[in-house]
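This report concerns only the one structure given below.
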Amino acid sequence: MAFSAVLTSEWTKIRTVASTSWTLATALLVTVAMGAGLCAVVNATFDTMPESQQIAFDPTQMSFSGMLFGQVAVLIFGAMVVGSEYSTGMIRSSLAAVPARGALLLGKLTVATALALVVGLATGFLSFFLGQALLGEHSTTLGEENVLRAVIGVGLYMALLAVFAMGVSMMLRNTAAAISILISFVLILPIVLSLVDATRKIAFYLPNQAGSAIMQTVSSPAVTSDAPYGPWGGLGIMVLWVAAAVLGGYLVLSRRDA
Amino acid sequence: MIEAVGLTKRYGAKTAVDQLSFQVKPGHVTGFLGPNGSGKSTTMRMILGLDRPTSGHVTINGSPFRELPNAQRHVGALLDAKAVHGGRRARTHLLSIAQLSGIPEKRVDEVLAVVGLQDAARQRTKGFSLGMGQRLGIATALLGDPQVLLFDEPVNGLDPEGILWVRNLMRRLAAEGRTVFVSSHLMSEMALTADHLIVIGRGRLLADMGTQEFIAHNSAGFARVRAADTDPDGRDALGTALTRAGGRVLQEPDGALRVTGLELPRISDLAHAAGVRLWELSPHRASLEEAYMRMTQSAVEYTSTDDPRAELWEQDPLALPAWEDEQAAPEVPRAAFFAPPPPGAGGSPFLMPSHPGELASTAKDSPEDTR
Amino acid sequence: MIELDGLTKRFGAKTAVDNLSFQVKPGLVTGFLGPNGAGKSTTMRMMLDLDNPTSGAVRIYGKRYRELREPLKHVGALLDAKAMHGGRSAYNNLLCLAQSNGIPQRRVAEVLDLVGLAPVARKKSKGFSLGMGQRLGIASALLGDPQILMFDEPVNGLDPEGILWIRNLMKGLAAEGRTIFVSSHLMSEMALTADHLIVIGQGRLLADTSMADFIHQNSRSFVRMRSPQLEQLKDVLHEAGIAPVGVPDGGALEIDGVGAEQLGELAARHRIVLHELSPQRASLEEAFMRMTADSVEYHAHAPGAPGAAIDNPARPADVPAWGAGFDAADSTRKGGR
Amino acid sequence: MTPTTTTPDRPRSYSSPLPSPRPHLGHALASEWTKLISIRSTLWTLGALVLTVVGVGMLFVSQTSDRDYESISFTTPALFGLMVGQVAVMVLGVLTISSEHATGLVRTTFTAAPDRFRVLTAKYLVFSVTAFTVTALSVFVVGIAASLAHGGAAAGAHTADEWLGAAAGCLYVTLLGVLALAIGALVRHSAGAIAVMLGVVTLPPVLGAMLIVWEAVAPIGREILQRNVPVALSQLFGMQEGGDLGAAPSNFSNVLILVLITGATVAASYVMVGRRDV
């Protein structure tokens, strides 16, 4: 069977359910709006910030701070794409139509990832330009060192996060469980882990913590001294997590009875 | 006793149930029939207080469902067999429902035994087949040992043994003096189970009468007559005699005659007079299916482009107007099964050969009868 | 053509399907019968490679399902009517399946039209009734215009009009030379539809025969006679050495083991007027219940055991009027093979 | 089954030998309790709650010295786990009602008990008592472990108030769960309701930070920053935060706000459940 057919089919699947548009639209809007809001805040209060913070100030990353919440919508998007197949029973029809598990998984991942990447890139550029406009004199431009990498990094980060969510959902085969676990894992666990010294180092290796390094541009000692990796190293760690999740998902899909 | 008065339910501009009034009396199994989308489920949901009628009202033993003091002890219902949390075990599911109305725990084991699920009582219902789910649903309905019982498609997914059991169960429940209200699409089942029928179509009442009366009103029975094969002219002679006597005669594929409009003794006499020996003379009651189809003809909502009723109306090609020995003239041949035929593909869309004959070439040898 | 070879499926200690081997041939409607819990659905799921067999294999034209390129063009299956995404419209649900197998888009509208769902094609399938869901499932099975069609309980939830339609549909598809494999619990439906039967019980093959043979072997048939000259008739029968086996109600006699033809000739010879001479064939339902009596898993404990009803001599009269027509159609078809 | 009994006035009517008590809340409570303990998601969510609270708490206890407890209470170690664990409580709250809607069980339930308020009340009661008990138990295990391990002189003086505060904290988490249940009853969709609840918990801090910029709405922003869920919970567990925002609101007012919000949502859920077709 032509893989392009699977892609077309998955594209139809993804564009014809309401959850796709509202999760991705939320991801974009929340990230852009919150980033813009925080940039405005910072611009107004920049002078009152301690000097150490002023030195380490990363205008690019600041415009992406809405990602903290936007990523929740991306996770829900990934979890719904896979989970709804199971909750509705559609998975049986899908597997009857495309019995090669690998092809089905790959098709689904490709389409959803591409979509998340596109939305992610749009989010990155929109947040960046809007944020920089609001930052006024503290802003930066795309031409500066590392900035373009960081903006594109937003797209990569969102795409990887979506794949991660899909892999985890494929393993759990349940939307509600996947969403709860993913959100605890991404939003709350890092905070909890960094509260205690003994576990702070572990938190660096969580997928989203490592992955978000790609969105930083300023490598002043005040910011990055803690993290034992650079932006690409961080993204690499996230890719490993994602690969593990996808592998787990593939094993569950191919071994277990549908 | 269930009593509906002017029951109406509208969803936006669409009227699902329209001015429905009827009574369901105790001591009978009352069948509730209607095509898909005719408002049966909505009516049942309104009886159970799950949907609010737009106007009109429905009462059970005189009071609206939601005002019954202990609803479960008065009314038991099976609406949707799969309406169970799959992660829960069968017994705990029933127990949680029983506790809701203070029904003793031993009653749970009792109903599990009644429906034959005692061995599966500790299984999670996720693994249940449709038939097992249906039995669990029936168990739920019986929990409160209620006076009024409603079943929506109770035999769905049951095996023949289960169907037979449900049939007997419903008759027995009615014989005990309960009100039993059953909807089903299986006419052969309904004919065996229901004493009384309420038929709706497009939300309106079409009929409210006894099952036998309904069949008699809406269809005609026929007789099957076969002359001795050893007497080659017998069939023609018989056909002519019967037609002259005012009967309507059609030929069946095996050579027997289908006669309407004449009583069996009369046919016997006519055959005797014509000197024809009979090898078969059997009465055929019209089926409820046929009667139902005729009644609801105009009220069907989802119709295939390939009208199945053709089978019912197109019996005339079987007729032998001139008594020619035309072997069971086949019905209008179905060249392409899929109507409308796809343009430009010679009548068959993809893999299929253009004519069935190409695949089953031997089938051409015998007159294929699609009946 | 579907071939099963030693197919076995165990769930833990429980063997759901036990060393099942049979073939489903083209040009026929093959009925797949068995009590609840016999392993029918599991077998069908393994045919589609949804469940992995513990051992054994299923071959579809010599290939495993997973090896089929564009499987919907070879095999169409209705397993579970609700196996669709409720938030998607009927049209789009089918469209994504069609696209995955390179089936042209117009075919989607075609099958929706065929099953009568064209008016609600753009509605979300969440709001569909069981019958509409079933039609949607049938549409998805027909999507690729496949050689092999599998239906698990196709008439579930359909109204009589729909039942009649699917009955004709399956016969028509088989007549075109396709392989039709149908499971159903409704014996009256099966009797009207299937040519060949495969019966399983507790995961094991119980029978693999033609419909007529199955009924013949697993049930009794008899001839009912009615006459205004009942006493005379009894005497004639007695003289001929024929003993009526049952006298269910006042005016009728039931005779076992002698054909209606002979009885008709006998009556004619003795100038006895008959008001009825009807061969009664036992129903498929009865035959099925006799065969599977030992392998029924969920026995209801209720007074009036099913067995009592089976032996009720009045039952065969309840066979739907078209039962006779079926027998004829069946023999014609067999003759043609 | 029972034989036919005939009564003179209703000649063909059936009456059953089973007791027919007028159903009361107690019946519904028993039913809901059976429902709660008979599904595995209860075990998963509550297990996750206990594991995170006790696990993270114990880790914290083992990493701290007596002196650290001069400024924090013995129950503070439980806070970190509870920040994660509260998600489990909310998920359980949502699932308590949304799983009935997802499976269609709600129709069976409301057919068996047409008095929907009785069922809903029982759900709220059973859920909140269970959630509070489990939360409090795990919090107090951590608190007692901390006080046993680090109760030395260096830890300074501790009063019973901090234990009361922790109890209030458990109540706070329970209220979040009740709010989740109410939202589940309104939304009727597991994933949607969980997303809404996570928004309620995580969005206000950011919203506050944004509002505080503009002079006109700065006071509102400040209020939100001081009264959102994580801050309130931290305070209840003896972590005083802020300072540049002015005096922190009292624990009582924090709990009261959540009580009011939850109360309003619960009231809305009663109205909707009573009125809606299911």
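What the table shows:
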{"quantity": "Cα gyration tensor shape for region D:26-275, rounded if a/c is under 1.5, else prolate or oblate", "calculated": "oblate"}
{"quantity": "Spin-label pair B:TYR11/D:MET272, simplified geometry with 7 Å Cα→Cβ offset, distance in nm", "calculated": "2.0 nm"}
{"quantity": "Charged-residue dipole, Cβ positions (Lys, Arg, Asp, Glu), the protein assembly as shown about Cα centre, Debye nearest 20", "calculated": "1400 debye"}
{"quantity": "Pairs from C:LYS126/D:LYS123; A:LYS13/C:LYS124; B:LYS82/C:LYS126; B:LYS14/C:LYS123; B:LYS9/B:LYS40 whose Cα-Cα separation, in the structure shown, is over 18 Å", "calculated": "C:LYS126/D:LYS123"}
{"quantity": "Beta bridges by DSSP in the protein assembly as shown, antiparallel share as percent, to the nearest 5", "calculated": "65 percent"}
{"quantity": "Global form of region A:3-255, assessed from the alpha-carbon gyration tensor, a/c cut-off 1.5", "calculated": "prolate"}
{"quantity": "Efficiency of FRET between B:ALA113 and A:ILE202 - r from beta-carbon atoms, R0 45 angstrom, step 0.05", "calculated": "0.25"}
{"quantity": "Packing-based ranking, highest mean first, of C:87-95, B:247-255 given that Cβ atoms within 10 Å are counted", "calculated": "C:87-95, B:247-255"}
{"quantity": "Space enclosed by the convex hull of the alpha-carbon atoms of region C:222-280, per residue, Å³", "calculated": "68 Å³"}
{"quantity": "Efficiency of FRET between A:VAL118 and D:LEU137 - r from beta-carbon atoms, R0 51 angstrom, step 0.05", "calculated": "0.60"}
{"quantity": "Label-reachable residues, region B:35-72, where backbone N falls under 13 Å from a point 7 Å from D:PHE117's Cα toward its Cβ", "calculated": "none"}
{"quantity": "Length released on extending from C:GLU67 to C:ALA13, taking residue separation times 0.36 nm less the Cα-Cα span", "calculated": "16.4 nm"}
{"quantity": "Trypsin sites (Lys or Arg not before Pro) restricted to region B:142-232 and DSSP loop, no more than 12 other C-beta within 10 Å", "calculated": "none"}
{"quantity": "Where the Cα pairs of region B:222-284 fall when distances are cut into 10 Å bins, in %", "calculated": "26, 65, 9"}
{"quantity": "Other protein chain Cβ atoms within 10 Å, averaged over every residue that makes up C:172-185", "calculated": "5"}
{"quantity": "Net length gained if the chain between D:ALA264 and D:LEU125 were fully extended (0.36 nm per residue, minus Cα distance)", "calculated": "48.4 nm"}
{"quantity": "Residue exposure sequence - B:VAL17, C:VAL245, A:VAL72 - by fewest surrounding Cβ within 10 Å", "calculated": "C:VAL245, A:VAL72, B:VAL17"}
{"quantity": "Dmax and Rg, reported as Rg then Dmax, of region A:107-174 (C-alpha, Å)", "calculated": "15.1, 49"}
{"quantity": "Projected label distance in nm at A:PHE125 and D:LEU25, using a 7 Å step from Cα toward the beta-carbon", "calculated": "6.0 nm"}
{"quantity": "Cα→Cβ-extended label distance, 7 Å offset, between D:LEU256 and A:ALA2, nm", "calculated": "7.0 nm"}
{"quantity": "Proxy reagent accessibility, fewest Cβ within 10 Å first, across D:VAL201, D:VAL50", "calculated": "D:VAL50, D:VAL201"}
{"quantity": "Exposure proxy ranking, count of Cβ atoms within 10 Å, fewest first, for D:SER234, D:SER16, B:SER21", "calculated": "B:SER21, D:SER16, D:SER234"}
{"quantity": "Three-way shape label, the protein assembly as shown, alpha-carbon gyration tensor, a/c 1.5", "calculated": "prolate"}
{"quantity": "Computed FRET value (nearest 0.05) for D:GLU215 with B:SER55, which takes r as the C-beta separation and R₀ as 60 Å", "calculated": "0.60"}
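Each value in this text was obtained by applying a stated rule to the coordinates, not by laboratory testing. Here the structure is a predicted model, which means the values were calculated and not measured. Neighbour counts run over all protein chains shown; Cβ positions are idealised from the backbone, glycine included.
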